[in-house]
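Remarks on the structure that follows.
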Amino acid sequence: MKFIDALREIAAIPSKNPDLLIAQYKAFTFQMPLLYMVLIINTWGLAATHMRVAPVELTIFAPAAMSLISAFRVVGWLRKSKRIVSRDIAFKELSRTNRLASAIAIVFTLWALSLFSYGDAYAKAHVAFYMAITVIGVIFCLMHLRRAAFTVAVIVNGSFVVFFALSGNLVFVAIAVNTAFVSAAMLVILLVHYRDFTGLVNARAENYRLANLDSLSNLPNRRAFFSYLDAAYATATKDNFHIAVGIIDLDGFKPINDLYGHAAGDRLLHVIAQRLLEICPENFFVARLGGDEFAVVATHFGGTDALLAIGEQMCAGIRMPIDLGDIDLQVTGSIGFAVYPELANDTIKLFANADYALYHGKRTGRGKAILFSVEHDNEIRRDARIEQALQHADFTRELAIVFQPIVDVTSQTTVGFEALARWISPTLGPIAPSQFIQVAERSGSIETITQVLLKKALQHAVSWPEELRLSFNLSAQDLSSLDTVMSIISIIGKSDFDPHRLDFEITETAFIRDFQQVRSSTELLRKLGCGISLDDFGTGFSSLTHLHALPLTKIKIDRSFVTNLNDNPASYKIVKSLLALSRDMGLECIVEGVETNEELITLMSLGGQIVQGYLYSKPISATEVGLFLESPLTTAQQS
Ligand code: C2E
Ligand code: CA
Ligand code: CA
C-alpha cells in the first residue's frame with residue numbers, strides 16, 4: 001500500500017501547491033527547449049550514420065518529421081518563458097508534458113530500434129549508444145516532473161533491455177543492462193533532488209508569505225497591498241477594466257490605545273480586520289497598511305454605487321460594539337474610494353485620491369464611505385494654487401483681521417470679539433480662511449501666519465474698552481511645540497493687551513495627535529491668564545475624559561447644530577445636552593452661527609446666554625468696531 005501511495009505521489013502534479021507548480025513550470029521553460037535540442041541533434045547524428053544503408057523513409061522523412069515537431073515545441077516553450085504564468089496555465093502545461101513524454105519516448109524508441117537491422121556492427125553500436133545517451137539526457141531535462149522522467153525511463157530502458165536481450169549479442173545486452181542501472185541510479189538522484197527542490201520552493205514561499213503578512217491582523221501588509229495594487233493596475237490597463245482603491249481609517253482608536261493600553265488596541269484591530277474580511281466580497285483584497293489604517297483593492301466591483309454600498313457595510317461593521325471580554329469598546333471608521341481610470345491614471349494618484357477622499361470625508365462627517373469626485377479634484381488643484389500663492393505672500397501686507405461680536409443676550413451687551421483672518425492674495429484675490437488656513441497648516445506656513453495675525457489682532461484690540469475680550473483662533477501646529485507657544489507668549493508680552501482678556505480657541509483636531517503636548521501648551525497659556533475655548537464643539541469625537549484633562553474655560557457649540565435647530569429634533573437635543581454639559585462642567589458656553597430670531601428664542605429657552613452669529617453682526621473690519629460699540633445692539637431681523 002505504502003508503495004502505491006508513494007507512486008501516486010510521484011505521479012501527481014502538485015496542483016494544491018501553486019508556488020511549487022509555478023516553480024516547476026519555470027524550470028521547465030528553460031529545460032524543455034534543451035531537451036528538444038538534444039533530441040534533434042542526436043537524432044540527426046544517428047540518421048547520418050545510417051544514410052547510406054537504411055531507406056530514406058527512416059533516415060530522412062522520419063527524422064525530419066520528428067525534428068519538425070520538436071522544433072515546434074522548442075519555439076512554443078521559448079515563447080512561454082516570456083509570459084507571466086498563472087497556476088492554471090502551469091498545471092495545464094505540466095499535464096501536457098506528462099502525456100507528451102510517453103508519446104515522444106515511444107516514437108523515438110521505435111525509430112531508433114527500426115534502424116538496428118541496417119548497417120554494420122558500428123552502426124548497430126551507434127543505435128545502442130544513441131538510446132543510452134539520449135535517455136540519460138532526457139531524464140536530466142525532465143527532473144522537475146517525476147512522472148514524465150519515470151515514464152521515459154521505463155519505456156526507453158524497457159524496450160532497450162528486451163530488444164537487445166533478444167538480439168543475443170552479449171555486448172548489446174551488457175550495454176542495455178548498464179544503461180538501465182545508470183537510469184535507475186539517476187531516478188534515485190532525481191527523487192532526492194526533487195525533494196530538495198520542493199523544500200527550497202516551500203521555504204521561499206514561506207519567507208515571502210511572512211514578508212507580506214501583517215502578523216497582528218493576519219491580513220496582507222502594506223508591501224503586499226502595493227504589489228497587489230501594481231499587479232491589478234497592470235491587468236486593468238491591459239484589459240480595460242475598472243479598479244478601485246479604498247482607504248479605511250478609524251476614528252477614536254488613539255484614545256483607546258491611550259486609555260486601555262496597546263494590548264487592547266491590538267485586539268481591537270484584530271477584530272476589525274476579521275470583520276472587514278467577512279464583509280468584503282472575494283474580489284476585494286483587504287490589507288492593513290499600518291496603525292489604524294486599512295485598505296482594499298477592488299476589481300470587477302460593478303459600478304460606483306455597488307462599491308459605495310460595500311463601503312457603507314464596512315463602516316457599519318466597524319461601528320458595531322467590540323466585546324474584548326473585560327471591556328466593551330466602540331470605534332467608527334471612514335473609507336475613501338478612488339476609481340481607475342476616473343480622475344486617476346496611475347497607482348500613486350489612485351492611492352492619493354482615495355486618501356484625499358477619506359480625509360475630506362472626515363471633515364464633513366465621519367463613519368461614511370466617500371468617493372473621490374470631480375469636486376475633490378478641483379479642490380486639489382485649487383489648494384495647489386493657494387499653496388503657490390502662500391509661498392510668495394507678504395503676510396504682513398496681505399493679511400487682515402476682521403472681528404465678529406460675541407453677545408450676552410441676557411444683558412444685551414457685546415462682551416467681546418472673535419478675530420477672523422482675511423487674506424487678499426495679489427494673484428488669486430480674496431481667499432476664504434477655511435481654505436487657506438488648511439493649506440497653510442499642511443504646507444507649514446501656519447505658524448508665521450498665526451504670529452502675524454495675532455500681532456495685528458492685539459494692535460487693534462488694545463484700543464477697545466477694558467471690559468471687552470478678544471478671541472483668537474489657534475491651529476494644531478501652534479500648540480505642537482514649546483517653541484511655537486513661547487513665540488505666541490512673547491507676542492502677547494510685547495503688546496499692551498492684558499492676557500486675562502484674551503481667549504484662545506482650539507479645535508479637537510488640535511489634540512487628537514499629541515494630547516500631552518497640547519495639554520502642556522494650553523496650560524502655559526492658562527498660567528499667563530489667557531482663557532482656552534474649545535471651538536466647534538460637538539463635531540468631533542472627544543471623550544469627556546479628554547475634555548476634563550484640558551484646562552478649558554469655554555466651549556463653543558458648532559454652527560451646524562444651530563442651523564435647523566427648530567426643524568431638526570436631533571440638533572435640538574444635541575444643543576440642549578451640550579448646554580447642560582457645559583453648565584455641569586462649570587464652563588461658559590458660546591453658541592455660534594445664530595442667524596434667526598427663532599433660533600435665538602429657542603436657545604434662550606434652553607439656557608443659552610452667550611451667542612455669536614449673523615443675527616447680531618457679520619465679521620466687521622477693525623475700523624467698524626468703534627461704530628458698532630457706540631450704536632445700540634440690534635438683531636439683524638429687528639433692523
Ligand atoms: P470658526 O473659528 O468656527 O469661525 C467662525 C466662522 O463662522 C467664521 O467664518 C464666521 O464668519 C462664520 N460665521 C459666524 N457667524 C455666522 C453665521 O451666523 N452664519 C454663518 N453661516 N457663518 C457664520 P470665517 O471667517 O470664514 O472662518 C472660517 C474658519 O476659518 C474659522 O471657523 C476658523 O476655523 C478658521 N479661521 C479663521 N480665522 C482664523 C485664524 O486667524 N486662525 C486660524 N487658525 N483659523 C482661522
Ligand atoms: Ca473660532
Ligand atoms: Ca467655530
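The values are calculated or read from the model by the stated rules, or taken from the named source; none is laboratory data. All values reported here derive from a predicted model rather than from experimental measurement. All Cβ positions, even for glycine, are placed from backbone atoms using ideal geometry, and neighbour counts span all protein chains on display.
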Residues (near ligand 1 (Cβ under 9 Å from one of its atoms) and within 18 Å of S533 (Cβ to Cβ)) located in the stretch 589-610: E592, G593, V594
Just give me the residues in the stretch 1-15 being surrounded by 10 or more Cβ atoms within 10 Å (Cβ to Cβ) and either touching a strand residue (DSSP E or B) at 6+ places or on another chain (Cβ under 6 Å) or not charged (D, E, K, R) (or both), in sequence order. A6, L7, I10, A11, A12, I13, P14, S15
When residues of the stretch 423-450 are filtered for being near ligand 1 (Cβ under 8 Å from one of its atoms) and touching a Pro at 6+ places or on another chain (Cβ under 7 Å), how many remain? 0
So Q435 ticks every box in (1) under 34 Å from the mean Cα position of the chain (by Cα); (2) away from ligand 2 (no atom under 16 Å from the Cβ) but one. Which box is left unticked? (2)
If you go through the stretch 395-406 one residue at a time, do you hit one that is aliphatic (A, V, I, L, M), under 40 Å from the mean Cα position of the chain (by Cα), outside the structural domain of A306 (by TED's automatic domain parsing) and modelled with pLDDT of 95 or more? yes
Only residues in the stretch 319-343 that are among the aliphatic types (A, V, I, L, M) count as the first member; pair them with residues that are part of a loop (DSSP other than H, G, I, E, B), Cβ under 7 angstrom, at least 6 apart or cross-chain, and list the lot. I322/Q330; V331/G252; A338/A344; A338/F372; V339/H242; L343/F372
Taking into account only those residues within the stretch 462-498 that are among the aliphatic types (A, V, I, L, M) and at pLDDT below 95, which is farthest from the chain's Cα centre (by Cα)? L482
Hey, among F284, F226, which residue is under 30 Å from N17 (Cβ atoms) and in contact (Cβ under 8 Å) with a residue 40 or more places away in the chain? F226
I'd like to check something: does the stretch 39-49 contain any residue that is without any contact (Cβ under 8 Å) to a residue 40 or more places away in the chain, of a type in the set (V, I, T) and in the same structural domain as I106 (by TED's automatic domain parsing)? yes
What's the number of the only condition in (1) surrounded by fewer than 17 Cβ atoms within 10 Å (Cβ to Cβ); (2) over 48 Å from the mean Cα position of the chain (by Cα) that L210 fails to meet? (2)
Scan the stretch 496-512 and tell me whether some residue there is farther than 24 Å from V591 by Cα and either in a strand (DSSP E or B) or in contact (Cβ under 8 Å) with a residue 40 or more places away in the chain (or both). no
Filter pass, S471 being within 15 Å of ligand 1 (Cβ to nearest atom) and touching a Phe, Trp or Tyr at 6+ places or on another chain (Cβ under 8 Å): yes
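Listed here are the residues, each with its yes/no results for (1) within 15 Å of ligand 2 (Cβ to nearest atom); (2) under 25 Å from V611 (Cβ atoms); (3) among the charged types (D, E, K, R); (4) in contact with a Ser or Thr (Cβ under 6 Å, 6 or more places away or on another chain).
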residue: S490; (1), (2), (3), (4): no, no, no, no
residue: E505; (1), (2), (3), (4): yes, yes, yes, yes
residue: F515; (1), (2), (3), (4): no, no, no, no
residue: L579; (1), (2), (3), (4): no, yes, no, no
residue: R583; (1), (2), (3), (4): no, yes, yes, no
residue: G593; (1), (2), (3), (4): yes, yes, no, no
All strands (runs of 3 or more DSSP E) inside the stretch 209-305 with 1 or more residues being in the same structural domain as S334 (by TED's automatic domain parsing) and closer than 18 Å to P341 by Cβ: 243-251, 293-299
Could we say that T198 is β-branched (V, I, T), assigned to a helix (DSSP H, G or I), in contact with a Leu (Cβ under 8 Å, 6 or more places away or on another chain) and in contact (Cβ under 8 Å) with a residue 40 or more places away in the chain here? yes
Output the strands (runs of 3 or more DSSP E) that fall wholly within the stretch 371-481 and possess 1 or more residues being on the phi > 0 side of the Ramachandran plot, surrounded by fewer than 17 Cβ atoms within 10 Å (Cβ to Cβ) and not basic (K, R), or say none. 429-431
Verdict on L615 being in contact with a strand residue (DSSP E or B) (Cβ under 7 Å, 6 or more places away or on another chain), surrounded by 18 or more Cβ atoms within 10 Å (Cβ to Cβ) and on the phi < 0 side of the Ramachandran plot: no
Conditions (1) in the same structural domain as G333 (by TED's automatic domain parsing); (2) within 23 Å of the chain's Cα centre (by Cα); number of the one not met by A205: (1)
Over the stretch 578-600, the set of residues within 21 Å of R469 (Cβ to Cβ) and small (G, A, S) is S582, G586, G593
